[in-house]
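Trainee: Structure below; questions to follow.
The values are calculated or read from the model by the stated rules, or taken from the named source; none is laboratory data. As the structure is a prediction and not an experimental result, all values here were calculated from the model. With ideal geometry, Cβ positions are generated from the backbone for all residues, glycine too; neighbour counts draw on all protein chains shown.
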Amino acid sequence: MTTETHSGAGKWPRLRVAEWAETRDTLHMWTQIVGKVRLAHAPLLNHWWQVTLYVSPRGLTTSAVPHGAGAFDIEFDFIDHELSLRTSDGGARRIALESMPVADFHARVLQALEDTGVPTTIQGHPNEVERAVPFAEDFSHHTYDPHAAHLFWRQLLQANRVLGEFRSYFGGKVSPVHFFWGAMDLACTRFSGRGAPRHPGGAPNCGDWVMEEGYSRELSSCGFWPGGGDEGAFYSYAYPEPDGFAESPVTPSEAFYSRENGQFLLPYEAVRTAREPDRTLLGFLHTTYEAAATRGKWDRASLEADPARWNGHRSGRRPRP
C-alpha cells in the first residue's frame, strides 16, 4: 500500500471508473455472493433492508447475521485485503482478496461457511445485471486491483458519512445508509408514510415482485454508485415521481436531471473538487429531497427533524426557554 493511500485517508479520493472497471465488475459479483449469504439467513425486512451490506472502518460488512441461536458476519477488508468470516462461537476463516475468478471466490466462500458450521445454499446467479452468468461458471470476472478497491472504499466512506448526516434531518421512516449489492450502490431512502402505485418492475434478471416490495411506499431516495460519471455519481429520485420534479431547481450547478435514468445526477468529481465537498453534496441531497417532498405534497412539518434539538442537554448546558 502506498503512502498516499494512508496519508490521504481523510480526503475525497480520485478514482476514474474507466481505470478500475474490471475490478469493479469482479467486486460487484463478489458482493452479490456475500449479500446472498445474508439473504439466505436473515428474516425479511421491509424493502429488502435485511440483505444489504454496510460501510465499516475497514470495508463492507454484513453486520451480525442470525444463525441458529448465534450469529456470524462477513466483512470485506479493503485495508488488509481479505474477506473475514467470524461466528459467535469463535469460528473464523479468512480468504485473501486477490485476482481470482468469481467461480473460485464463490467456492471458497461456501467452503468457509461449511467449515465454520454455517452451511449455506444461495441463489446461484447474480441479479440486476444483463448477463446473469451463474457464479460457479463465471471465469470472465477475475481482476482485483487492491489499490482501486481501497480507493472505492474510501469513496464509500466519505459518501456514507455525508449521507448519514443528511439522514439525521428526517424524523419519519427512513432507511439506514446501506449498500445494495444488486446495483452496487450506497443508498438512503426517506418515506412519506403513504402507499405507492405498484412498481412495473423491469430490472434485468430480477423478479418484478422484488421491485414491488422495494417500492411499495412513496419515497425519495439518494445515494452513490460507481457509474454515471467519470468518477461515479451521486443520484436522487422519487417514486412515484411527482409532476414538475424534473424541472425543480437544485444545487450545485453541476447537478442535472437525467431523462435516461429518471433521476437527478451529480458527478462525484464535482463534489471531490469543490471548495467545500460536504456542503456541496448536502446541498444536492437537501434540494432534491425538497423537490420530491414539496412537489409530492409530503407532510414535511411532521416528517422532518432538527438534529441539533438536544444539543443543549448533551453539552451539559440547558438551553434558554
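Trainee: Filter segment 232-283 down to the residues that are hydroxyl-bearing (Ser, Thr, Tyr), more than 25 Å from GLU19 (Cβ to Cβ) and surrounded by 14 or more Cβ atoms within 10 Å (Cβ to Cβ) and list them by number.
Mentor: Answer for segment 232-283, where residues must be hydroxyl-bearing (Ser, Thr, Tyr), more than 25 Å from GLU19 (Cβ to Cβ) and surrounded by 14 or more Cβ atoms within 10 Å (Cβ to Cβ): SER236, TYR237, TYR239, SER248, THR251, TYR257.
Trainee: Here is a further query. In segment 178-195, what residues are without any contact (Cβ under 8 Å) to a residue 60 or more places away in the chain and either in contact with a Pro (Cβ under 6 Å, 6 or more places away or on another chain) or in a strand (DSSP E or B) (or both)?
Mentor: Correct list: ASP185, ALA187, CYS188, PHE191, ARG194, GLY195.
Trainee: Of the numbered conditions (1) outside any loop (DSSP other than H, G, I, E, B); (2) within 24 Å of ARG309 (Cα to Cα), GLY172 fails exactly one; give the number of that condition.
Mentor: The one condition GLY172 does not meet is (1).
Trainee: Same structure, new question: Among the candidates THR62, THR52, which residue alone is in contact with an Asp or Glu (Cβ under 6 Å, 6 or more places away or on another chain), hydroxyl-bearing (Ser, Thr, Tyr) and within 30 Å of SER192 (Cβ to Cβ)?
Mentor: Being in contact with an Asp or Glu (Cβ under 6 Å, 6 or more places away or on another chain), hydroxyl-bearing (Ser, Thr, Tyr) and within 30 Å of SER192 (Cβ to Cβ) holds for just one of THR62, THR52, which is THR62.
Trainee: Which residue, of ALA196, ALA233, is of a type in the set (A, V, I, L, M) and within 13 Å of the chain's Cα centre (by Cα)?
Mentor: On inspection, the qualifying residue turns out to be ALA233.
Trainee: Quick one: which residue in ARG131, ARG94 is more than 16 Å from ARG38 (Cα to Cα), out of contact with any Leu (no Cβ under 6 Å at 6 or more places or on another chain) and at pLDDT below 95?
Mentor: Only one candidate passes the filter, namely ARG131.
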